[in-house]
Amino acid sequence: MSDAKKPAAPASKVTIWPVTGIVWRNEGSKGAFYTAQFERSYKDSEGKYKSSDSFNSSDLLILAEVARLTFMEITKLRANDKTAAAEE
C-alpha cells in the first residue's frame with residue numbers, strides 16, 4: 001500500500017475504560033489543527049469488542065474526564081508544534 005492510501009494514525013489517544021478520546025491532526029490553510037473523537041468500547045452478545053459514539057448515563061463522568069484529558073493532550077501537541085516551528 002502506498003503512503004498516500006494509508007489511513008492517518010491518530011496523533012494521540014486518551015483512555016479511561018470504556019471511554020477513549022482520539023486526537024486527529026489535520027492540516028489547514030492556516031497550519032495544523034486538532035480535532036477530537038470519543039467512543040465507548042463494549043462487548044457484544046458474542047463476546048466481540050465493538051465501539052459506539054453513544055454513551056450510557058454511567059459513562060458520562062468518565063467521558064467528561066476523558067474530554068478534559070484530551071483537551072490537555074491537544075494543548076501539549078499545539079505547544080510542541082509551536083516549539084518545532086520556532087526551531088526551524
- Message: Name the residue that is nearest to the chain's Cα centre (by Cα), counting only residues in segment 1-30 that are under 17 Å from Thr70 (Cα atoms) and among the charged types (D, E, K, R).
- Response: Lys13
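Go through segment 52-70 and give me each residue that's without any contact (Cβ under 8 Å) to a residue 24 or more places away in the chain and under 16 Å from Pro10 (Cβ atoms).
In the first step, residues of segment 52-70 are kept if they are without any contact (Cβ under 8 Å) to a residue 24 or more places away in the chain; the result is 52-54, 56-58, 60-61, 64, 68.
If the condition is that a residue be without any contact (Cβ under 8 Å) to a residue 24 or more places away in the chain and under 16 Å from Pro10 (Cβ atoms), then Asp53 is the only one that fits.
State yes or no: is Glu46 more than 14 Å from the chain's Cα centre (by Cα), more than 18 Å from Thr75 (Cβ to Cβ), outside any strand (DSSP E or B) and not β-branched (Val, Ile, Thr)? Steps first, answer last, please.
Numbers: more than 14 Å from the chain's Cα centre (by Cα): yes; more than 18 Å from Thr75 (Cβ to Cβ): yes; outside any strand (DSSP E or B): yes; not β-branched (Val, Ile, Thr): yes.
Spelling it out, Glu46 is indeed more than 14 Å from the chain's Cα centre (by Cα), more than 18 Å from Thr75 (Cβ to Cβ), outside any strand (DSSP E or B) and not β-branched (Val, Ile, Thr).
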- Task: Could you tell me whether Ile22 is surrounded by 10 or more Cβ atoms within 10 Å (Cβ to Cβ), free of Cβ contacts under 8 Å to residues at least 60 places away in the same chain and touching a strand residue (DSSP E or B) at 6+ places or on another chain (Cβ under 7 Å)?
- Result: yes
- Could you grab the pairs with beta carbons closer than 7 Å, sequence gap of 6+ or different chains, first residue in segment 31-45 and without any contact (Cβ under 8 Å) to a residue 24 or more places away in the chain and within 16 Å of Arg68 (Cβ to Cβ), second one among the aliphatic types (A, V, I, L, M) and assigned to a strand (DSSP E or B)? Gln37/Ile22
- Task: Inspect all residues belonging to segment 59-74 and state whether any of them is farther than 21 Å from Pro7 by Cα, over 17 Å from the mean Cα position of the chain (by Cα) and in a loop (DSSP other than H, G, I, E, B).
- Result: no
- State all residues of segment 25-50 that are surrounded by 12 or more Cβ atoms within 10 Å (Cβ to Cβ) and modelled with pLDDT of 95 or more; if no residue qualifies, say none. Arg25, Phe33, Tyr34, Ala36, Gln37, Phe38, Glu39, Arg40, Ser41, Tyr42
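The values are calculated or read from the model by the stated rules, or taken from the named source; none is laboratory data. All values reported here derive from a predicted model rather than from experimental measurement. Methodologically, a virtual Cβ is constructed for each residue, glycine included, from the backbone with ideal geometry; neighbour enumeration extends over all protein chains shown.
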